[in-house]
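The values are calculated or read from the model by the stated rules, or taken from the named source; none is laboratory data. Here the structure is a predicted model, which means the values were calculated and not measured. Cβ placement follows ideal geometry from the backbone for every residue including glycine, while neighbour counts extend to all protein chains displayed. SASA here: full protein model, heavy atoms, side chains in, ligands and nucleic acids out. Shrake-Rupley method; radii C 1.70, N 1.55, O 1.52, S 1.80 Å.
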Amino acid sequence: MTRAAFITVEGIEGAGKSTCLELIAQRLAARGIALQLTREPGGTPLGEQLRALLLGHKHDGMSDDAELLMMFAARAEHLQHVIEPALDAGRWVVCDRFTDATYAYQGYGRGIDLARIATLETWVQGDRRPDLTLLLDVPVDVGLERAGRRSAPDRFEREAQPFFERVRAGYLELARAAPQRYRTIDAAQPLDQVSAAIVAAVDAFVDARS
Ligand code: Z5A
């Protein structure tokens, strides 16, 4: 039996993560792999409440440190109640964002020292890291244009373009630093080409793990 894997999907707003997650789930199921689809912040009752606080506008002046700690509080809950039990039971976990988003948004975006994030990462996660991270990379104007077609902007979506430029650059830096884990996909391409790249990356990963 193939060892259960932890797959994460990352990217700036409007990169197409939702579409990508569905495709990954379909592909893994077609290969007979049981999986758990989940998201961050969120994935548990407490995590979803924290998500509402983080994305809503009730606390628009929230401090950067409070934001960072709430991301990790939601993650601690998520790991204990969803991610670790699923992996222990042999189910693959496919997660819409994880700690790379904290490095990208709170670190590169907000300017929090990356070493402080690394300390929290080790504290909350121990050795747990994703086995595969798909980074959907799009130029910021393309992502924002796509995201703008949707509902009212959340607390992050209200940030200005330079914030998202830092986030995107942060993601690309993280991908360069961990090439064995990351697969960067040019998500500005038409959907059929993005889908083909995702399927190829997932198949290669499953084959290598079998
Ligand atoms: N956050 C953080 O700061 N720190 C952390 O540690 C974590 C998160 C974990 C919520 O994330 C926020 O939390 C997020 C970062 C922060 N910031 N915000 N906002 P989220 O993942 O829930 O929110 P999101 O980034 O807005 O994701 P989303 O709504 O799921 O967007 P998406 O999945 O990337 O996009 P989409 O809905 O799949 O696609 C957008 C549109 O583009 C849609 O109409 C598609 O049909 C279209 N699309 C997609 N691909 C294509 C292509 N290839 N061509 C043309 N059109 C396309």
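Is the shape of the range 1-110 best called rounded, prolate or oblate, per the rule: a/c under 1.5 gives rounded, else a/b larger than b/c gives prolate, else oblate, with a ≥ b ≥ c the square roots of the Cα gyration tensor eigenvalues? Mind showing how you got there, number by number?
On the way: a/c = 2.36, a/b = 1.72, b/c = 1.37.
It is prolate, given that a/c is not under 1.5 and a/b is the larger ratio.
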Note to self: Could you sort 146, 183 by their accessible area in this structure, using a 1.4 Å probe and putting the largest first?
What the structure shows: 183, 146
Check: Per residue, what accessible area does the range 18-61 have, given a 1.4 Å probe and all protein chains present, in Å²?
Finding: 55
Notebook entry, point to check: What nm value, rounded to one decimal, do you get for the distance between residue 55 and residue 116 when each label is placed 7 Å out toward the C-beta?
Noted result: 2.5
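Counting only protein heavy atoms and using a 1.4 Å probe, what share of the accessible area of the range 1-103 belongs to carbon plus sulfur, as a whole percent?
Details: 2300 of 4360 Å².
Looking at the range 1-103 in its full context, I get 53 percent from C and S.
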Next item on the list: Could you state how much accessible area residue 57 has, in square angstrom rounded to the nearest 10, with a 1.4 Å probe and all protein chains kept in place?
Entry: 70
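Mean Kyte-Doolittle hydropathy of -0.5 or higher plus an axial Cα length of 20 Å or more: which whole DSSP H helices in the chain meet both?
Values: long enough: 64-78 (21 Å, -0.02); 161-177 (24 Å, -0.26); 191-209 (27 Å, 1.02).
Those that clear 20 Å and a mean of -0.5 are 64-78, 161-177, 191-209.
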Margin query: Give me the 1.4 Å probe accessible area per residue for the range 74-210, excluding ligands and nucleic acids, in Å².
Written below: 47
Checklist line | Fully extended contour minus Cα-Cα distance, from residue 141 to residue 204, at 0.36 nm per residue | finding: 19.6 nm
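How much mean residue ellipticity at 222 nm does the chain get from its helices, if each DSSP H run of length 4 or more adds -39500 (n - 2.57) and you divide by all residues, to the nearest 500 deg cm²/dmol?
On the way: 8 runs with 102 residues, N = 210.
Computed mean residue ellipticity for the chain: -15500 deg cm²/dmol.
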Notebook entry, point to check: Which cross-chain or sequence-distant (5 or more) residues have an amide H under 5 Å from the amide H of residue 184, H modelled 1.01 Å from N in plane?
Noted result: 135
Next item on the list: Give the relative contact order (percent, whole number) for the chain; include only Cα pairs under 8 Å separated by 6+ residues.
Entry: 34
Next item on the list: Leaving ligands, DNA and RNA out of it, report the carbon-plus-sulfur percent of the accessible area of the range 128-210 at a 1.4 Å probe.
Entry: 53
Checklist line | Amide H contacts of residue 43 (H built 1.01 Å from N, under 5 Å, at least 5 apart or other chain) | finding: 48
Check: Quick one, what does Rg over Rh come out to for the chain if you take C-alpha atoms and the Kirkwood Rh?
Finding: 0.94
Next item on the list: Just report the Cα centroid separation between the range 151-210 and the range 6-68, whole Å.
Entry: 14
